[in-house]
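Working notes for the structure below.
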Amino acid sequence: MTGDDRYKLFGVYVPQSLADSLAEFAYEEGGVVDLESYFDPDASTVPVGDPGADATDVLVSAVVENFAALYDAADFEAARRVDPDAFVLVHLAADPETVASARERFRAAATIQETDLRTVHTAILAAQFDDGDVTRA
């Protein structure tokens, strides 16, 4: 954690069906009722101990730790077929170093796949949730 024990916020673009999976996880793990409005998008950090931030930190940490396997399991073609208007921005919180690692991995995957970040966010997070149908709205 940072010296003042704060998580860093960052956003992922995913289709609504995957945003629902993220919200369900945040509800089950942290009691977050509405993930899409839970974090203040104007804030850059959230204190450690915030139940929603603690929950999303666990998720982001798992994604970073398992990124290679998730990349191999990801269906980038399905993610490319998602209607561009179907994406929503979801904010997550995690340890600042974990956020930096996640961003680095997502950018590298976007370069390798020659695609945009929303496609990579969708494919990787869908693999994390084993959500094979990322194209449903």
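The values are calculated or read from the model by the stated rules, or taken from the named source; none is laboratory data. All values reported here derive from a predicted model rather than from experimental measurement. Note: ideal-geometry Cβ built from the backbone for every residue, glycine included; neighbour counts use all protein chains shown.
What residue, among those in segment 113-131 that are at pLDDT 95 or above and among the charged types (D, E, K, R), is surrounded by the fewest Cβ atoms within 10 Å (Cβ to Cβ)?
Among them, the one singled out is GLU114.
Given the residues ALA123, ALA78, ALA93, ALA108, which is the only one that is in a helix (DSSP H, G or I) and in contact with a Phe, Trp or Tyr (Cβ under 8 Å, 6 or more places away or on another chain)?
Details: ALA78 fails: in contact with a Phe, Trp or Tyr (Cβ under 8 Å, 6 or more places away or on another chain); ALA93 fails: in a helix (DSSP H, G or I); ALA108 fails: in contact with a Phe, Trp or Tyr (Cβ under 8 Å, 6 or more places away or on another chain).
Exactly one of ALA123, ALA78, ALA93, ALA108 is in a helix (DSSP H, G or I) and in contact with a Phe, Trp or Tyr (Cβ under 8 Å, 6 or more places away or on another chain), namely ALA123.
Could you tell me whether any residue of segment 90-112 is surrounded by fewer than 17 Cβ atoms within 10 Å (Cβ to Cβ), among the polar types (S, T, N, Q) and more than 14 Å from the chain's Cα centre (by Cα)?
Yes.
Taking the criterion of being under 14 Å from VAL14 (Cα atoms) and in contact with an Asp or Glu (Cβ under 8 Å, 6 or more places away or on another chain), would at least one residue in segment 56-72 satisfy it?
No, the conditions are met nowhere in segment 56-72.
Quick one: would you say VAL88 is touching a residue at least 40 places away in the same chain (Cβ under 8 Å) and not in a helix (DSSP H, G or I)?
Taking the combined requirement at face value, the residue satisfies it.
Taking segment 48-69, which residues are of a type in the set (A, V, I, L, M) and more than 19 Å from ASP20 (Cα to Cα)? Walk me through it before giving the result.
Going through segment 48-69, the residues of a type in the set (A, V, I, L, M) turn out to be 48, 53, 55, 58-60, 62-64, 68-69.
Within segment 48-69, VAL48, VAL64, ALA68, ALA69 meet the criteria.
When ALA100 is evaluated against the numbered criteria (1) touching an Asp or Glu at 6+ places or on another chain (Cβ under 6 Å); (2) at pLDDT 95 or above, which criterion, by number, is the only one it fails?
(1) is the only condition that ALA100 fails.
If we keep just the residues of segment 41-66 that are of a type in the set (D, E, K, R) and either surrounded by 15 or more Cβ atoms within 10 Å (Cβ to Cβ) or farther than 24 Å from THR119 by Cα (or both), which is nearest to the chain's Cα centre (by Cα)?
Among those residues, the one meeting the criterion is ASP57.
I'd like the residue in segment 102-134 that is out of contact with any strand residue (DSSP E or B) (no Cβ under 9 Å at 6 or more places or on another chain) and small (Gly, Ala, Ser) and, out of all such residues, is farthest from ALA68 (Cα to Cα).
Taking the candidates together, the pick is GLY132.
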